[in-house]
Structures are given as structure tokens and as C-alpha cells.
Amino acid sequence: MAGKPSRGLADVVVASTAVSDIDGRDGRLSYRGYDIGQLAGTVSFEEVAYLLQRGTPPGPAELAAYRAELAAGQDLGPAVRGSLPAVARAQPPMAALRTLVSLASADDPGTDPPGRTDPPGPAAPPGPAAGRATAARLTGQQPALVAAIHAARAGDGAPPPGPEPGLGLAANFLLQVTGRVPAERSAQIFDTCLVLQADHLMAASTFAARVCAATLADMHAAVVAALAALSGRLHGSANEQVMRSLAAARAADGDPVAAAAGQVTAQLGRGEPVTGFGHRGYGGPDPRAELLRELSAELASAGDDTIHRMAARIEDIVAAERDLHPNADFYAATVYHYLGIPAGLATPVLSVARMAGWTAHIIEQHADNRLIRPGSAYVGESGLTWIPAADR
């Protein structure tokens, strides 16, 4: 097909959506019309997940029923439980998640792909109620899966603590990962992190989910596509890379803040990108990073503030040298550090939050579907004549 392609589909509108929106010029992010600055710190992740998946804010009874759906999703099925220890030990966390979410479809009561009938008939997307129910199960399942994978990889064979019925999704995740009930404020901060990361318009993983869903694949298949995209180092692993870089600088001899400054100055001098800075969607500051910086500073003020001071110094240097702002991954890494979340779980934690957005986009795609098949610009040779192998 003729035409000059846009590299990486930059500035190409690929879908219409009511799930989320970005105003890159003014640095604003909204979920179904609600600005993230209004939601973060005041609305629970469960409320935001309900908003994204079901279109409107929940009332008290609706929220209670939805929380019950999430809690039911935390009970991993027999297929997953039976395979999880071996899968978790054989694969890194994101690969294990990809495998186990796919396997979870065998345990899920809504596993039939859209349009499957017996006998086979015309394809049609699942009804809205079925899609919403599956979305809730997947959203409740994801933190339980991440915690179980982490426990299996720890080596002692002990499962994570069971979820406490009186705790929300964020607090239960911290309990299952760290082994102790989190302080109320710590749970609130992590809940805010999940809210900030719940959706981000047409990120690579979201687009992958919608492309898969557009074939009328089932929701589990589309989420696996999203997880596969998130596992790439140019998408979801940035926060993990940030934390490992900070940890390496801190382990160096001398002042860790000076070491971090020297590290980033050397990167800039070599013309290398600095992980955690800049975002294609924003011309200025990332509103999520602004809020996460505040949370990082708050947590740092309660104890050892070294990691936060290192991050702040890096931010100053990158701003001065390249006029770039941190994105959400940068300060999410320091917040996770203070909450006791291991660096290797940073990308899986992002999947916990993003499950709300992915499933909302899949529901939206199924509700008004057309197969996504973009054109391409052929750049290879043409008019060649095939020579049989015996004559070459």
C-alpha cells in the first residue's frame, strides 16, 4: 500500500475511546472525564476500576458488590495453583504472569471466546454483563497472581499470606508481598499509585489488547497480548530500570547522591537516554510524576531519604541538560522502594493497576468492533525473476 508511514504510529489516531484522555500540552490525564488530580488520593482504586470498566462512578451498594467480585477473583483456580510454582521458578515474573493469566482462562467461568456457539455460528462479542464480570475477576486476580509468583520465587515454598477480608486491594497486595499488614498511610499511598497507573490512553500494551480483542479473541487472550507488550523494556520495565540504577549508585563508594549525579551526567555525555524521563504523550510535565514525587518525598521524610534525594538530584540534572521532565515510572520506582516492593516486581505491579484499563478498553472494543488492520508501506524490491535452485 502506498503512502509514507508514521514511525511508531506517532500522531496517528487508531481508535475512538471514552476510557481515558491525555492533554499533552497542558499536562492533564483524565479517566472518563474525571481529572487524575481530582481522583488521586481521594478515590480508591476499586472505585476507579469500576469507573473505567462500567462507565460511571459506583454508588455504595454497587461498590460493595464490585469489591465482592474482586475478592472472588483473588481465589486462584486449580489449573493455576497446580502450575504456578514450576512456572514461577522457570520464568521471570512478567513471563510467568503471561503464562499464568493465559492458563487462568481454563479456570474462569467465562472462558468461551466472543461469538463461540455450539454448533459454530456468526461471531459476536460477549454481552456487556459477561465482559464486565470477567474484567472484575481479572482485576482481582492480578495482585494475587503477582504475590504468589513472588512467593514461589523466594525459594522457601511458602505461599503468601491470605488476603484479609477487611482490607482493600492495595493493602492486601502489600500484605501478601511483604508479609505484614501495612500501615494505613502506606496502603493509601500504594492505592494512589494504582489509581495513577490504571490507564493511559493508547499505550503499547493497551493497543496490543485492542488489536487482539478486535479479532474477537476472548478477554484473557487480549490481556495476555497486553502483558506481552508490557514486558518489553521500552514499555513497562522503566520503573524497574530506574530502581536498579539508583541501587547501583547507592552501592558505590562515597556520597550516593554524588554517585547518582555522576552516573546520569556520564549517560548524558554519551548521548544516551535517561530511563524515566520524557513521554511521547506530554510536551511538559507528566501529571502522574508530579503527584508521585510528592508521595516519594512524604515517605522519605519518615526515615532514610537517600533514594529520594538521589532521584531529585537526577531530575535537576536532566532538566538542566536536556529540558526533560520525569515520567510516572521515575518516581513510582522510589515510592515502591519505600513501600518495600522489590525492584523485580515493579513491572508486575504496573500490570496490577493497568488491568483495570486494559479490560475497560477490551470491553469498549468488543462493544463497537471492527477488525484493526492498518496499511503498510512496502520498501522491498520488486519485479524480480525467480531462478530455480538447480540453476543458481
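With all protein chains kept in place, the per residue accessible area of the chain amounts to 47 square angstrom at a probe of 1.4 angstrom.
Just one of (i) 27.0; (ii) 25.6; (iii) 19.5 is mean projected area of the Cα convex hull in nm² calculated from these coordinates, so which is it? Correct label, based on the coordinates given: (ii). Between amide H atoms placed 1.01 Å from N, distances below 5 Å from residue 28 occur with 23, all of them 5 or more places distant or on a separate chain.
Between residue 324 and 319, the built amide H atoms are under 5 Å apart, and every one of these is 5 or more places off in sequence or on another chain. Residue by residue, the range 26-33 carries 3J(HN,Hα) couplings of 9, x, 10, 10, 9, 10, 6, x Hz when phi is fed to the Karplus relation 6.51 cos²θ - 1.76 cosθ + 1.60 (θ = phi - 60°); x denotes Gly or Pro. Note on the range 131-287: with charges restricted to the Cβ of Lys and Arg (+1) and Asp and Glu (-1), its dipole about the Cα centre is near 280 debye.
Across the range 263-269, coupling constants 3J(HN,Hα) worked out from phi with the 6.51/-1.76/1.60 Karplus curve, θ = phi - 60°, read 4, 6, 5, 5, 4, 4, x Hz, and Gly and Pro carry x. Among the trypsin sites (Lys or Arg not before Pro) found in the range 159-256, those both in a DSSP coil and sparsely packed, with 10 or fewer other Cβ atoms within 10 Å of their Cβ, are 180. In the chain, a dipole from Cβ-located charges (positive for Lys and Arg, negative for Asp and Glu) runs towards its positive end, and of 188, 222, 139 it is 222 whose Cα lies farthest in that direction. For residue 277, the residues whose modelled amide H falls within less than 5 Å of its own, excluding neighbours fewer than 5 places apart on the same chain, are 327.
Between 31, 336, 282, the Gaussian network model of the chain with springs among Cα atoms under 10 angstrom shows the greatest mean-square fluctuation at 282. Each residue of the range 342-352 is assigned a 3J(HN,Hα), and the resulting list reads x, 4, x, 9, 4, 6, x, 5, 4, 5, 4 Hz, derived from the Karplus form 6.51 cos²θ - 1.76 cosθ + 1.60 (θ = phi - 60°), x at Gly and Pro.
Computed in the context of the full set of protein chains, the accessible area of the chain at 1.4 Å probe radius has 54% of its extent on carbon or sulfur.
The values are calculated or read from the model by the stated rules, or taken from the named source; none is laboratory data. Small disclaimer: the values here were computed from a predicted structure and weren't measured. Every residue, glycine as well, gets a Cβ built from its backbone with ideal geometry; the counts of neighbours run over all protein chains shown. All accessible areas refer to the heavy atoms of the entire protein, side chains included, with ligands and DNA or RNA removed. Shrake-Rupley method; radii C 1.70, N 1.55, O 1.52, S 1.80 Å.
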